[in-house]
Amino acid sequence: MTFETWATFAAATAVLLVIPGPTILLVISYALGQGWRTALPVAIGVALGDFTAMTLAMLGVGALLSASATLFTVLKWIGAAYLIWLGIKLFRAGGSLDAQPRTDRASAVKMLGHAWLVTALNPKSITFFVTFLPQFLDARADFWTQMLIFEATFVTLAFANAFGYALIASRARSVVRNERAIGLFNKAGGTLLIGAGIATVAVRSGSN
């Protein structure tokens, strides 16, 4: 794996992670209701959930790669289209965050388990990984080495992102309540996603 491939994957992952989804909304809800002490357990739960979903997706992608190079290429085109669709959807999402403070006093173990379940068992997570990861896999390189590097990178960034969201939500609640700020954030994230999808298609077309 080249450094450029890893850096591109890390940058794309960072953009995707900061976009609020079901997992981040859960993190914000706990932080709004119970403060900064929720940051560590929910971040660990999110990291474990992403590790679970990503491992399942990578095993499926690996099996597909072994079975048919053509199907693997088709999946990469589908993944590029999926990124563009996600970007358009996010761009049009507006500025609302449906995250209400959780008033129930949950233990650290319960918060960790809840974050893991929401992240790992969300079908969209596995679908996303199945379409996202092939964009960066080299069919000629060792699959297991790439899997290890990509998983370690994604899980580390996922932990840092969830931890950061929890701290921000607990310390600067006005930020996550500001519809204008969230709207601008969504438009910027959507634009980056659309650009990532188009860039993936352009690079692939240029290599053919």
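The values are calculated or read from the model by the stated rules, or taken from the named source; none is laboratory data. All values derive from a computational prediction rather than experimental measurement. Cβ: placed from backbone, ideal geometry, glycine included. Neighbour counts: every protein chain shown. Calculation scope for accessible area: heavy atoms of the full protein, side chains included, ligands and nucleic acids excluded. Shrake-Rupley method; radii C 1.70, N 1.55, O 1.52, S 1.80 Å.
Please verify whether region 51-63 includes one or more residues that are in a helix (DSSP H, G or I), in contact with a helix residue (DSSP H, G or I) (Cβ under 6 Å, 6 or more places away or on another chain), at pLDDT 85 or above and open to solvent by 30 Å² or more (accessible area, probe 1.4 Å). Checked region 51-63: at least one residue is in a helix (DSSP H, G or I), in contact with a helix residue (DSSP H, G or I) (Cβ under 6 Å, 6 or more places away or on another chain), at pLDDT 85 or above and open to solvent by 30 Å² or more (accessible area, probe 1.4 Å).
Within the set of pairs 6+ apart or on separate chains, which have a first residue in region 14-29 that is over 16 Å from F159 (Cβ atoms), a second that is of a type in the set (D, E, K, R) and part of a loop (DSSP other than H, G, I, E, B), and C-beta atoms under 9 Å apart? Matching pairs, first to second residue: L25/D98; S29/R102.
When S170 is tested against (1) modelled with pLDDT of 85 or more; (2) over 23 Å from F91 (Cβ atoms); (3) open to solvent by less than 40 Å² (accessible area, probe 1.4 Å), only condition (1) is not met.
Here L192 clears all of (1) buried (at least 17 other Cβ atoms within 10 Å of the Cβ); (2) at pLDDT 85 or above; (3) of a type in the set (A, V, I, L, M) except the condition numbered (2). In this structure, is A162 under 14 Å from the mean Cα position of the chain (by Cα), under 25 Å from T38 (Cβ atoms) and modelled with pLDDT of 80 or more? The answer is yes for A162. Summed over region 27-45, residues that are open to solvent by 10 Å² or more (accessible area, probe 1.4 Å) and within 20 Å of F129 (Cα to Cα) total 1. The single residue among V109, V74, V46 that is more than 21 Å from the chain's Cα centre (by Cα), closer than 18 Å to F159 by Cβ and at pLDDT 75 or above turns out to be V109. Remark: pairs (first residue in region 128-151, on the phi < 0 side of the Ramachandran plot; second residue small (G, A, S) and open to solvent by 30 Å² or more (accessible area, probe 1.4 Å); Cβ separation under 8 Å; 6+ apart in sequence or on different chains) = V130/G60; A139/A69.
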